[in-house]
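To keep things clear, I will list the structure first and then write my remarks on it.
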Amino acid sequence: MGLTLVLFALTGCGVAVEDPPGTTAAAPELSIPSTWAFSTDTLPVVADQGMVVSTDEYASEVGVAVLRDGGNAVDAAIATGFALAVVNPEAGNLGGGGFMIVRNAEGGVFALDHREKAPLAATRDMFLDEEGNVTDAATVGHLAAGVPGTVAGLWEAYRRFGSLTWNRLLQPAIDLAAGFELRERQIATLVASQNGIRQNEEAARIFLPQGRVPQVGDTLRQFELAGTLTRIQALGAADFYEGETADLLVAEMERGGGIITGEDLAGYSAVWRDPTEFDYRGYTVYSMPPPSSGGVTMAEITNIVEEWTLREYPWHSPEAIHLMTEAFRRAYADRNEYLADPDFVEMPLTDLVSQEYAAHRAATITMDQATPSEEVRPGVESYTDETNTTHYSVVDSDGNAVSVTTSINSWYGGKVVVEGAGFFLNNTMDDFAAKPGTPNQFGLVQGENNAVSPEKRMLSAMTPTVVTDPTGDLFLVAGTPGGSTIITTVFQTISNIIDYGMNVVEAVNAPRVHHQHLPDQLYYEHGGLPGETVMALEALGHTVVERDPGPPGSYFTGGMSGDVQLIMRMPDGRLEGWSDPRRGGRAVGY
Ligand code: DON
C-alpha cells in the first residue's frame, strides 16, 4: 500500500510557498512506496526565536544554549561544531575541514573555506603503486590526511562574527569530552566502523574500551580530546597550528609515516570566498564556490531543470526523475572535469553557472530516452566554440543564518587518532583524483584539474546552502553529508520545497535519487521507489540501482543518501526545522 501525501493539507506545519514562481498552482499528489523507511507525516520542530539542527541532539542542545545566552548564529555554530567533534567523532571533527555559509540579518552573505590542503611534501603520484595502480593509502592511515582546516575555520568565523567569549563557546565541548552518555546513534557508527578503528591502537583504546563496542548508556570519556579543546580554549587556533597540539600531530605523522609537518600546520589559513549565487524559480540560492563543487554543480542542475516546469510532472514520477537525472548527469560530467582548487586551476565558472549554458546543455535532453553517460562529455569547450561529513544549520532570533558542512571524509576519517590529542585525522586526500580518470571511494571519476599537488585543496561536494525567498527574506538553511550524493540531495531538498510545496519533514524524509555521470547508474534509496517507477525508468534506458541496505539494522551506513539538517523560515517569521532520520539527528529550537 502506497503512502499518499496530499500537499498543502497539513495543518500547523503548512507550506511556505503556496504558488511558487514558475510553477503551476495545482498541488500534485505524491506517492511513496510502503517499503520506504521513514514517515513523512510527523510534525516539524517549531521555534519562535532560534534553532539549531544537527546530526546529534547533544550538539544541537549546545548550540541552542548559546543562542539562549544571547549568542548569535555564528557563536552557536562554533559551539555546535566543537561539540560535534566530541559527540560525533565519526564526522564532526578537529582533524578535518569544511565550509561555512553565513547570511547575516542585513542580507550580507559570506563563504568561509576551511577545507584541508595537501601537505607540502605531497606528490601527484603519491597514491600509485609501481604498476601505476591506486593504493588504499589515500583512504586509510597517515598519508590519507590533508592539513586540517576546521579549527582555523571556526577561529576565523569567531574573529569576524563572534559575540560571546571564545571561552564560553568551547566549554560545552570540553564538558562533553570529559564524559557523556552514549546513545544509539553513536553506538551504530562504532559498530559499523569497529574493524577500522581496531587497526589504530589509540583509536581502539579510546573508542573500544576493553576491546569492545560500548553499550547505550555507557559513558565515553575522551580525556586527551578534553585536553586539546582546553588548549584551544586558552590559545585559540594557535595551539592547533603552532602549539602543543601541532607538536602532537607532527609526532603522530613521524610515528606513522605521514608527511604533514610543522610548516604545513603553521602555513594553513581559512579563506573567505565569494559565495556562488544563483536563482531558482525566483528564489536566490547561496552556496559554496570551489574548492567545493557544491554551488556550481547545483547551479547547473537547477538551471537545466528550470528549462522545464518540473512541477507539471508529479513528484517522483518517472518523468520528474528522468529529467533530474539528465540534469545531474550533465552537471556532474562538468564538475568532474573542470572543478578544483581555484588557487591552482582556471575554471569556466561563468559559463557553468549561466542559464544560457544550461539551455545549451538542456537542449540535448529528450524526455523519451536516457542519454548514455558516454555520450555526455564535459560541455564548456564545445559550447564556448559556438560562441566537478556532517552538516549543521543555525538561525538566531535576529535572523542571522549559518550553514556548515564539515568532514573527515570517511567515517572516522583515515582511522588514525593523534596520540595524546584524542582526535581522528581526515582521509580527505582521497577527494583528489589520485589517478585522474579512475574512481575514488565515492565512484567519482575526476580529471586532471583535481590531481594531487602540494598545498592544493582537494575538490569537495560539500554544499552548505542558504536560500532567500523572492522578496529577499531568509527562507531555507540546508546541507548534508553523503560524499558525491551531497549535491543531488541538497538540490532535491530545495526542489521538494520550491517545486512541490513540501514542508520540512516531507522534504527531508522523502526518498531520494542520485546520478553522478559515471558510473552510468541511477541510484535510489533502499525501498524508495515503487517497482513500476523503476520499470518505467528502465524503459527510458536508465540503469536503475537500489542502494544496498547493508546488514540488518544498519540504517546509518547502508541504503540511504545523506543526512539533511534543514531550517525553513515561515511567512509569519517562525522557524520550522527537521533533522534527517537517516542518521538520527535532532532539531532543537526555542
Ligand atoms: O568533501 C567531500 O566531498 C567529501 N569529503 C564528503 C564526504 C562525505 O560526505 C562522507 N559522508 N557521508
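Structure above, values below:
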{"quantity": "Every residue from region 246-278 that is surrounded by 17 or more Cβ atoms within 10 Å (Cβ to Cβ) and farther than 25 Å from residue 462 by Cα", "calculated": "246, 248, 249, 250, 252, 253, 256, 258, 259, 261"}
{"quantity": "Conditions (1) surrounded by fewer than 20 Cβ atoms within 10 Å (Cβ to Cβ); (2) modelled with pLDDT of 95 or more: number failed by residue 385", "calculated": "(2)"}
{"quantity": "Residue in region 145-156 that is over 24 Å from the mean Cα position of the chain (by Cα) and on the phi < 0 side of the Ramachandran plot present", "calculated": "no"}
{"quantity": "Residue list for region 27-57, restricted to those being touching a strand residue (DSSP E or B) at 6+ places or on another chain (Cβ under 8 Å), over 20 Å from residue 476 (Cβ atoms) and open to solvent by 40 Å² or more (accessible area, probe 1.4 Å)", "calculated": "29, 31, 34, 39, 41, 57"}
{"quantity": "Residue 160, sole failed condition from (1) open to solvent by less than 10 Å² (accessible area, probe 1.4 Å); (2) within 17 Å of residue 237 (Cα to Cα)", "calculated": "(1)"}
{"quantity": "Within region 438-541, helices (runs of 4 or more DSSP H) holding 3 or more residues that are of a type outside the set (A, V, I, L, M, F, W, C) and either more than 16 Å from the ligand (Cβ to nearest atom) or modelled with pLDDT of 95 or more (or both)", "calculated": "486-498, 531-539"}
{"quantity": "Residue match in region 213-231 (condition: surrounded by fewer than 18 Cβ atoms within 10 Å (Cβ to Cβ), among the acidic types (Asp, Glu) and closer than 23 Å to residue 117 by Cβ)", "calculated": "no"}
{"quantity": "Meets criteria (within 16 Å of the ligand (Cβ to nearest atom), part of a loop (DSSP other than H, G, I, E, B), small (Gly, Ala, Ser) and open to solvent by less than 10 Å² (accessible area, probe 1.4 Å)) for residue 92", "calculated": "yes"}
{"quantity": "Exclusive hit being open to solvent by less than 40 Å² (accessible area, probe 1.4 Å) and modelled with pLDDT under 95, set 558, 573", "calculated": "558"}
{"quantity": "When residues of region 398-433 are limited to those that are among the aliphatic types (A, V, I, L, M) and in a loop (DSSP other than H, G, I, E, B), the one nearest to the ligand (Cβ to nearest atom)", "calculated": "408"}
{"quantity": "In region 542-555, the residues that are buried (at least 18 other Cβ atoms within 10 Å of the Cβ), modelled with pLDDT of 95 or more and not hydrophobic (A, V, I, L, M, F, W, C)", "calculated": "542"}
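The values are calculated or read from the model by the stated rules, or taken from the named source; none is laboratory data. None of the values given here were measured: they were computed from a predicted structure. Backbone-built Cβ (ideal geometry, glycine too); neighbour counts: all protein chains shown. Surface areas here come from the heavy atoms of the whole protein model, side chains and all, with no ligands, DNA or RNA. Shrake-Rupley method; radii C 1.70, N 1.55, O 1.52, S 1.80 Å.
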